[in-house]
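To start, the structure under review is shown below, and the notes come after it.
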Amino acid sequence: MPQREHWGTRIGLILAMAGNAVGLGNFLRFPTQAAQNGGGVFMIPYMISLLLIAIPLMWVEWGMGRYGGVRGHGTTPAIFGLLWKNRLSRYIGILGLFVPFVVACYYVYIESWTLGYAFFALSGKLPKVSAEMVTSSEAYLEPFKKFLLHYTGMGAADLYHPSLAAYIFFLLTMLLNYAILVRGISGGIERFAKVAMPILFGLAILLMIRVITLETPHGSAVDGLNFLWRPDWSQLGNPKVWLAAAGQVFFTLSLGFGAIITYASYLKRNDDLTLSALTASSLNEFAEIVLGGSIAIPAAAAFFGVAAAQMIAASGAFNLAFVSLPAIFANLPAGWLLGFFWFILLFFAGITSSVAITQPVIAFLEDEFGLSRRKAVTATMLALFLLAHFAILLPKALDEMDFWAGTFFVVVFALCEVTIFFWGFNPSAAWREINRGGLIKLPRIFFFIMRYVTPFFLLIITGWWLFKELPKYLQETSPTIWVTRLLLVGIFLGFGVLVYISGRKEKGHER
């Protein structure tokens, strides 16, 4: 079996972990969620969830990953088997392969849109509409909506028909992901993170500075910031706001995806865990709260007015990123350059996350089947490429994959993680594992939070999805929905077979 890699430097590890967390959701989903859920009051349940769910679960995932890594395993089927001596544990761990792989199948495609749009912005190919010649924001945005529909081919037909440009940029994005992953942990992912993350933060700060100085006859960016951060105190008692905040802080740190566990498995036994995890989380929160909250919605408010910005916030992340923002930049001085910066920013945010969520399957093939790095990456990326076509071609397939893998099972899997580590495993040993080699020692209160509070909150969120959201999705009856569900069942069973074979191989070696 090949010797496991390690991170080359602590700063490289922190930037890679931050890159895993900093994604499209920081700049698109967060401002939308905040705007739709009470504005500034949203941050109260957000910060409480950060302290009681996200940060504790982050330390749990880092601890589990390092525990498995020093024993030769970097994915949850094997790590769960080490922690909880039950024959079901390895099969619960399948979620740690299923979730990130399915998300990667559509995430890379969306990521490729940002690269394509960056090219079109730089070459001046995006629509050009004079703001003085249209009478409403809807009329002004219409050419940009049509451009997105033409680019993705997402019309009302039985099959989507993406443009040739969309497919070419998808292929290019796949090749870029492959080129980074095939070079390994320190030579590929870490080296790329050291370049990509400073560029990402630099672009975001430049865009933020430009946006917050915007002022038009319709309003100013300050109006947008007021709209986003002015608390609607009547919403504080709304359970929907609390659940939305918990979900946002949960997803922004990429918890429950299996990627953090795999990344942490490349730590050495006594490498710092506590401070490194906190630093990576802090970088992500800075990107989300300070930068993500100061670009999209304030720009929309300045250009279209606060009322229109509210409508844009309600329209969803895709319209915000690929319709509203390019429409705004099109009528600003050097707008082509600002548009390019915006989409390259999103591309770097996307690709640092996509290489992270692809890594668990690669690590599984390396650790459990002894494949070389190149063979493991090639097999994973080939499967990802083929299955991504369901999201590219089938109507509603992308949304269905996102609900099951990117929403529902993420929460379920996180609940499994913390339960196995602090209940199936020895809780005192779990606490010692998290603190071993730490540059800071965690206050004892976090032992209580990880063992009791975090599982309780995750159980509430899981129950919410089961009883409120799941029935809505099960009511869908279109053929493409059921084809996608059969695909997801097939992927899960396929990983189940691989886990079963790897378990038999391990028992054979033990004999």
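Test Ala287 against the stated conditions and say whether it is in a helix (DSSP H, G or I), at pLDDT below 90, open to solvent by less than 10 Å² (accessible area, probe 1.4 Å) and small (Gly, Ala, Ser).
When the stated conditions are applied, Ala287 does not pass them.
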### Query
Condition test on Gly19, is it in a loop (DSSP other than H, G, I, E, B) and open to solvent by less than 10 Å² (accessible area, probe 1.4 Å)?
no
### Message
Condition first: open to solvent by 50 Å² or more (accessible area, probe 1.4 Å), among the hydrophobic types (A, V, I, L, M, F, W, C), part of a helix (DSSP H, G or I) and over 25 Å from Glu61 (Cβ atoms). Can you find one or more residues in the range 452-469 that meet it?
### Response
yes
### Message
Just to be sure I understand the filter: pairs with C-beta atoms under 7 Å, separated by 6 or more residues or on different chains, first member in the range 475-496 and surrounded by 15 or more Cβ atoms within 10 Å (Cβ to Cβ), second member of a type in the set (Lys, Arg). Which pairs pass?
### Response
Thr480/Lys396; Ile481/Lys396
### Task
Hey, can you tell me all the residues within the range 420-446 that are touching a Ser or Thr at 6+ places or on another chain (Cβ under 9 Å), farther than 19 Å from Trp84 by Cα and either free of Cβ contacts under 8 Å to residues at least 60 places away in the same chain or assigned to a helix (DSSP H, G or I) (or both)?
Asn435
### The one condition in (1) surrounded by 24 or more Cβ atoms within 10 Å (Cβ to Cβ); (2) in contact with a Ser or Thr (Cβ under 8 Å, 6 or more places away or on another chain); (3) assigned to a helix (DSSP H, G or I); (4) at pLDDT 95 or above that Ile53 fails to fulfil
(4)
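Tell me, yes or no, whether the range 70-80 has at least one residue that is in a loop (DSSP other than H, G, I, E, B), among the hydroxyl-bearing types (Ser, Thr, Tyr) and crowded, with 20+ Cβ neighbours inside 10 Å.
Narrowing the range 70-80 to residues in a loop (DSSP other than H, G, I, E, B): 70-75.
Subset that is among the hydroxyl-bearing types (Ser, Thr, Tyr): 75.
From what is left, the residues that are crowded, with 20+ Cβ neighbours inside 10 Å are 75.
The answer is yes; a qualifying residue exists.
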## Note on the structure
Being under 27 Å from the mean Cα position of the chain (by Cα), open to solvent by 30 Å² or more (accessible area, probe 1.4 Å) and either among the charged types (D, E, K, R) or over 30 Å from Gln359 (Cα atoms) (or both) narrows Pro239, Pro198, Pro217 down to just Pro239
### Task
Run down Ile110, Ile168, Ile180 and say which single residue is under 30 Å from Gly8 (Cα atoms) and aliphatic (A, V, I, L, M).
Ile180
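Considering only the range 137-244, give the helices (runs of 4 or more DSSP H) lying wholly within it that have at least 2 residues that are of a type in the set (Phe, Trp, Tyr) and under 30 Å from Ile461 (Cβ atoms).
Correct list: 221-229.
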### Query
Lys375 versus (1) charged (D, E, K, R); (2) open to solvent by 30 Å² or more (accessible area, probe 1.4 Å); (3) in contact with a Gly (Cβ under 8 Å, 6 or more places away or on another chain): which is the lone unmet condition?
(3)
### Positions within the range 249-280 being polar (S, T, N, Q) and either crowded, with 24+ Cβ neighbours inside 10 Å or in contact with an Asp or Glu (Cβ under 7 Å, 6 or more places away or on another chain) (or both), in sequence order
Thr252, Ser254, Thr262, Ser265
#### Entry: Residues being in contact with a Gly (Cβ under 8 Å, 6 or more places away or on another chain) and outside any helix (DSSP H, G or I) - total across the range 325-372
1
### Task
Would you mention how many residues in the range 114-136 are assigned to a loop (DSSP other than H, G, I, E, B), closer than 16 Å to Val323 by Cβ and modelled with pLDDT under 70?
2
#### Entry: Any hit, the range 67-82, residues being free of Cβ contacts under 8 Å to residues at least 40 places away in the same chain and over 19 Å from Pro455 (Cα atoms)
yes
#### Entry: Any chance Leu382 is open to solvent by 10 Å² or more (accessible area, probe 1.4 Å), part of a helix (DSSP H, G or I), over 23 Å from Asn177 (Cα atoms) and not aromatic (Phe, Trp, Tyr)
no
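The values are calculated or read from the model by the stated rules, or taken from the named source; none is laboratory data. This structure is a prediction, so every number in the text was calculated from the model and none was measured. Glycine gets a Cβ as well: all are built from the backbone with ideal geometry, and neighbour counts include every protein chain shown. Remember, those area values only see protein heavy atoms, side chains included, never the ligands or the DNA or RNA. Shrake-Rupley method; radii C 1.70, N 1.55, O 1.52, S 1.80 Å.
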